[in-house]
Amino acid sequence: MKEIKLEIRIHSLQYDELTPQDRELIDKAKEATSRSYAPYSKFSVGAAALLKNGVIVTGTNQENAAYPSGTCAERTTLFYANSQYLPTQPVLTLAIAARSESGYLDTPIPPCGACRQVLLETEQRYQQPMRILLYGEKAIYEIDGTKDLLPLSFGGEFLK
Ligand code: THU
């Protein structure tokens, strides 16, 4: 038997260690949480995508009384960015922030599995890594691309 180890790398930073551009993106993701529609979970998620042309697109989670009909902030944001700007404007960085009724989470909010799959495919469509910033009150995780978020991934290349 052979063991295969996959390594992922995450940088943990404080807000004041971020570049001004990353700070702005985190601020926009946090601000976006106020436009979340989360009457059921009361868990408000915001995402902000920086495109190559400098435009920042934001999105939030949108829930529905028929629960599976809702969608996460990351997918709202990336699908909108792809609908408006693909193929000329890759998403360079995606920032994500979340707060419950008691405030922003202390630990960085990781995207759900379904969103990771969408992040991966967006990255593949643009053929360049998408940086990911996960906001937490106590730390911010900076991830270089989906390879460090979704190792051993399934993608369109298997269907060829
Ligand atoms: N949610 C997101 O928007 N992004 C994630 O990565 C995790 C979960 C939303 C979905 C749902 O509206 C609420 O948070 C609770 O799961």
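The values are calculated or read from the model by the stated rules, or taken from the named source; none is laboratory data. Treat the numbers as computed from the prediction; the structure is a model and nothing was measured. Ideal geometry is used to build each Cβ from the backbone, glycine not excepted, and the neighbour counts take in all protein chains shown. The protein model used for the area step is the full one, side chains on, heavy atoms only, and it has no ligands, DNA or RNA in it. Shrake-Rupley method; radii C 1.70, N 1.55, O 1.52, S 1.80 Å.
Overview of values
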quantity: Relative contact order (percent, whole number), the chain, Cα cutoff 8 Å, 6+ residue spacing; calculated: 24
quantity: Most fluctuating residue given options 13, 149, 134, as computed from a GNM of the chain linking Cα atoms under 10 Å; calculated: 13
quantity: Heavy atoms of residue 16 accessible to a 1.4 Å probe, total area in Å² rounded to 10; calculated: 120
quantity: Candidate lysines for bridging to residue 2, where Cα separation is under 25 Å - those fewer than 8 sequence places away on the same chain excluded; calculated: 147
quantity: Convex hull per residue volume in Å³, alpha carbons only, for the range 3-110; calculated: 156
quantity: Centroid-to-centroid separation of the range 81-146 and the range 1-69 [C-alpha atoms, Å]; calculated: 5
quantity: Rotationally averaged projected area of the range 47-105 (alpha carbon convex hull; nm²); calculated: 4.7
quantity: Loop-located chymotrypsin sites (Phe, Trp or Tyr not before Pro) in the range 92-160, at most 16 other Cβ atoms within 10 Å (DSSP); calculated: 154
quantity: Radius 12 Å from Cβ of residue 19, net charge of other residues (Lys, Arg +1; Asp, Glu -1); calculated: -3
quantity: Added length on full extension, which subtracts the Cα-Cα distance from 0.36 nm per residue, residue 52 to residue 27; calculated: 7.1 nm
quantity: Residue 116 - accessible surface, heavy atoms, 1.4 Å probe, Å² rounded to 10; calculated: 60
quantity: Normalised convex hull volume, the range 39-160, alpha-carbon set, Å³ per residue; calculated: 113
quantity: Interatomic Cα distance distribution for the range 90-129, bins of 10 angstrom, percent; calculated: 26, 43, 24, 8
quantity: Calculated diffusion of the range 5-48, Stokes-Einstein form, Kirkwood radius summed over Cα pairs, 10 °C and 1.306 mPa s, µm²/s; calculated: 127
quantity: Heavy-atom surface of the chain, accessible at 1.4 Å and reported per residue (Å²); calculated: 57
quantity: Largest to smallest principal axis extent of the C-alpha atoms in the range 116-160, angstrom; calculated: 43, 19, 13
